[in-house]
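A short worksheet on the structure shown next.
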Amino acid sequence: MSELIARASRFADRTAIVSDDRSYTYAELDRRSRQVATDLLDGRADLGEARVAFLLPPGFAYVAVQWGIWRAGGVAVPLCEKHPPPSLQYVIEDTDAVAVIYASTFRKLLEPLFYLPDTSFRPLRSLRTMEGALPTVEAGRRAMILYTSGTTGRPKGVVTTHANLSAQIRTLVAAWQWSADDRILNILPLHHVHGIVNVLCCALWSGACCEFLAPFDAQRVFARFRSGELTVFMAVPTIYYKLIGYYRELPAAEQEATSAALRDFRLMVSGSAALPVSTLETWREISGHTLLERYGMTEMGMAVSNPYADERRPGHIGQPLPGVDLRLVDEEGETVADGQPGEIQVRGDNVFLEYWDRPDATAAAFTEDGWFRTGDIAALEEGYYRILGRNSVDIIKSGGYKISALEIEEVLRTHPAIRECGVVGLPDPEWGEVIGACMIVEGTPPDPDALTDWLRERLPGYKLPRRFIFRDELPRNVMGKVTKQELKEHFA
Ligand code: MCA
Ligand code: AMP
């Protein structure tokens, strides 16, 4: 991201980040990230794409370390504090991370992994403050690995290059008219594209200010809304749903003050999952804003967006962003006619390089002529694309997180009492989908609370099933495959 970092010098004295109750300028970010890079290099000329993982709360240190890794020629691997040790270990080992930089608040969480032989665990405070020469990092080199769930069980590492990230940022900055006068509140997790690229990187590319607030807390978000200082907000539909619920509980005078403050925003965006039209309409009543809905994926950043200045059509994702080639194809790979459903396939500088260490999965993700297969089904209706569904029933979207039913099934099958299971996503107005698990067990079914506690040690909270049912058998087709659509009906 040398392009992003080089731009920082233009904005030297402007505020880049607000976190930990203070402001940090672009000059401070530049200096601290140079120090981090120098420390990581430790006398070497270039990290040569070594993977460096980090577990830091959203804020100045997170960004300084991310930039420091990039400036030293390393690959940034952000970890998530909501992950239990086995999930963190999976990412650290899968990427062969040479180091994990962590904040002291996460020491306890990581301690069970300190024995890992090939990784050095470094507290943030151990990073030194000297500055030295830094390498030139070409745009085509690997920059970041983010983990995403797919249809193959364990999550895969999505590798993006510096050039991919620049392309993803550049198109959004132009399409959504970012400027140095913007100030955005970042409440999203920083191990996914939405929080990292759309919010953080776009703000810093533009010389704007990115203010962090974590964990998500509707009351604190509304207090910041009412400050009159923010101009842009982005979130997943679940967050808008939660904010609406909170707003409805406010006394009338506070509602009025909040609505007045919201009207002064320049832009409010929703994405990562389908925005229910009812949420869009209610938020419009509250804020005066028609949420700008856009569509993206870890593998490609944002691909389609409703217009900034023109009609934002409820229930639709808009048109391809500049620089993004998009086509809809049927199962034979033929382009479909307008109005017909087809898989979204995408090409462009925004599209990722590879799945880390999985050449077969990478090859399978692209057509022979180089289009990335998203697995999402859409139709073009009067000039606007509309998402109709996904071609795999095993991908679940809950709270904006992408979750693999197969990954949860694999974990459930390791439970001593569970013989077989099937996991599905069930429609839910708040979460988009909630996870349901149907199990065949030996003897007495385990207590759902005890089962949840058992799962919590093995999976992040957002991947936990919220509904459990027990059956003597699972519905199957003639091939013996569990029929998930039928299974969903068992939860009715
Ligand atoms: C948490 N809870 C849930 C779920 N998650 N219940 C059902 N389904 C879930 N998925 C319950 C917990 O059990 C708990 O209940 C209560 O909600 C609070 O849990 P907590 O973890 O504290 O939740 P939260 O902090 O309120 O988080 C909700 C959230 C979060 C803020 C919506 O899920 C979030 O940040 N989502 C954003 C994910 C994101 O950024 N995705 C972008 C991926 P109890 O107290 O009873 O136990 S990138 C992407 O998708 C592409 C690129 C794109 O297009 O953007
Ligand atoms: P992730 O792998 O977490 O990056 O999630 C990407 C997936 O989120 C896409 O493949 C879509 O299925 C879904 N998604 C993102 N934005 C939208 C949207 N506006 N409407 C419907 N689905 C979306």
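No value in this document is a laboratory result; all are computed from the given coordinates. Every value quoted in this text rests on a predicted model; they were computed, and no experiment measured them. Positions of Cβ are backbone-derived with ideal geometry, glycine not excepted, and every protein chain shown enters the neighbour counts.
Of 4, 54, 97, which is farthest on the positive side of the dipole of segment 1-141, counting Cα position, with +1 on Lys and Arg Cβ, -1 on Asp and Glu Cβ, and the Cα centre as origin? Result: 4, furthest along the dipole toward the positive end. Helical content of the chain, expressed as a calculated mean residue ellipticity at 222 nm, amounts to -8500 deg cm²/dmol (DSSP H runs of 4 or more residues, -39,500 (n - 2.57) each, divided by residue number, nearest 500). Proximity of backbone amide H atoms, modeled 1.01 Å from N, is registered between residue 441 and 419, 471 at under 5 Å, excluding neighbours fewer than 5 places apart on the same chain. Between residue 51 and 75, 98, the built amide H atoms are under 5 Å apart, and every one of these is 5 or more places off in sequence or on another chain. Between the C-alpha center of segment 195-234 and that of segment 241-293 there is a gap of 15 Å. Shape of the chain from its Cα gyration tensor (a ≥ b ≥ c, root eigenvalues): rounded if a/c is under 1.5, otherwise prolate when a/b > b/c, or oblate? Since a/c stays below 1.5, the shape of the chain is classed as rounded.
Once you order the gyration tensor axes a ≥ b ≥ c over the Cα atoms, which shape class does segment 365-439 get: rounded for a/c under 1.5, otherwise prolate or oblate by comparing a/b with b/c? It is oblate, given that a/c is not under 1.5 and a/b is not larger than b/c.
Summing +1 for each Lys or Arg and -1 for each Asp or Glu, what net charge is found among the other residues whose Cβ lies under 10 Å from the Cβ of residue 218? Write down the numbers at each step before the final one.
Details: positive: 220, 242; negative: 217, 249.
That sum, taken over residues with Cβ under 10 Å, equals 0.
Each Lys and Arg Cβ is given +1 and each Asp and Glu Cβ -1; about its Cα centre, the chain then shows a dipole of about 1200 debye.
Would you mind classifying segment 324-368 by shape? Square roots of the alpha carbon gyration tensor eigenvalues, ordered a ≥ b ≥ c; an a/c under 1.5 is rounded, otherwise it is prolate if a/b is larger than b/c and oblate if not. Intermediate values should be presented prior to the final figure.
On the way: a/c = 3.59, a/b = 1.84, b/c = 1.95.
Oblate.
Loop-located trypsin sites (Lys or Arg not before Pro) in segment 109-180 (DSSP state not H, G, I, E or B) with no more than 11 neighbouring Cβ atoms inside 10 Å: 128. Using just the C-alpha positions of segment 421-492 as equal point scatterers, what log10 of I(q)/I(0) does the Debye formula give at each q in 0.19 1/Å? Treating every Cα as an identical point scatterer, log10 I(q)/I(0) equals -0.83. Dividing the alpha-carbon radius of gyration of segment 36-111 by the rule-of-thumb value 2.2 N^0.38 Å gives 1.05. Look at 268, 1, 130 and count the other Cβ atoms within 10 Å of each Cβ; fewest to most, that gives 130, 268, 1.
Counting other Cβ atoms within 10 Å of each Cβ, which GluC sites (Glu not before Pro) in segment 231-302 have at most 11 and sit in a DSSP loop? List each step's numbers first, then the result.
Numbers: sites: 249, 254, 256, 281, 285, 293, 299; in loops: 249, 299.
Answer in residue order: 249.
Sorted from fewest to most neighbouring beta carbons within 10 Å, what does the list 415, 83 look like?
Least to most surrounded, the residues fall as 415, 83.
Backbone amide hydrogens, once placed in the peptide plane, bring residue 296 within less than 5 Å of 272, 303, excluding anything fewer than 5 places away on its chain. Bridges between two residues of the chain, per DSSP, are antiparallel at a rate of about 60%.
As a footprinting exposure proxy, order 367, 151, 129 by other Cβ within 10 Å, with the fewest listed first.
Details: 367 14, 151 17, 129 11.
By the 10 Å Cβ count, ascending, the order reads 129, 367, 151.
What the phi angles of segment 447-456 give under the Karplus curve with 6.51, -1.76 and 1.60, with θ = phi - 60°, is a coupling list of 5, x, 5, 5, 5, 4, 4, 4, 5, 4 Hz, glycine and proline written as x.
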